[in-house]
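> Supplied in structure tokens, the structure appears directly below.
Bear in mind that the values in this text are calculations on the coordinates, not laboratory data. Given the structure is predicted, the values throughout are model-derived calculations rather than measurements. No Cβ is skipped: glycine too gets one built from the backbone with ideal geometry, and neighbour counts run over all protein chains shown.
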Amino acid sequence: MANPSTGFGGAGTEVLRRSYLNSTSNTEATIFAGVSNHIYTVLSIVIQEMATATELIELYVDPDAGGTNIQLLYDYSIGPKETFIWSDRLVLTNTDILHFKTASASNIDIYCSYIDQQLA
């Protein structure tokens, strides 16, 4: 896939990407970790409970990998075999990290689509 140029000077790139996690559980899982000189626009996150139990889920950002989390979802209940779709746009920059976790042992799949803009 070609990387189209951004801006008038042709510097930088803008690429559609995806990240996924299979069978997440109650340990912190990284959906994706940013790198310097990038801006990420999260388009959607699909969260699917694969077993037969109600789960409490968390979605949070660690800005600049600094260790202080910003909660986006906290103890949000998702039912057995239910799908939750996060469709609000999120903008993450540089070394921000997007994390996911459940309150107890679980079997949850996650699919995230986002735009990765690399700055010149």
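> Would you kindly calculate the translational diffusion coefficient of segment 13-118, applying Stokes-Einstein with the Kirkwood radius from alpha carbon pairs, for 37 °C and a viscosity of 0.692 mPa s, and quote it in µm² s⁻¹ without decimals?
237
> With +1 assigned to the C-beta of every Lys and Arg and -1 to the C-beta of every Asp and Glu, and no other charges, what is the dipole magnitude of the chain about the Cα centre in debye, to the nearest 20?
About 280 debye.
> Would you mind calculating the gained length between S44 and L119 on full extension (0.36 nm times residue separation, minus the Cα-Cα distance), in nm to one decimal?
Gain on stretching S44 to L119: 24.8 nm.
> Now, a different point. How would you order 37-44, 95-102 from highest to lowest mean count of nearby Cβ atoms within 10 Å?
Order by mean packing, descending: 95-102, 37-44.
> Something else about it: Arranged from highest to lowest average of other beta-carbon atoms within 10 Å per residue, in what order do the peptides 59-66, 81-88, 109-116 appear?
Averaged packing, sorted descending, gives the order 109-116, 59-66, 81-88.
> Hey, another quick one. Taking 7 Å along the Cα-to-C-beta vector as the label spot, tell me the S19-T52 distance in nanometres, rounded to one decimal.
Going by the 7 Å Cα→Cβ label model, 3.3 nm.
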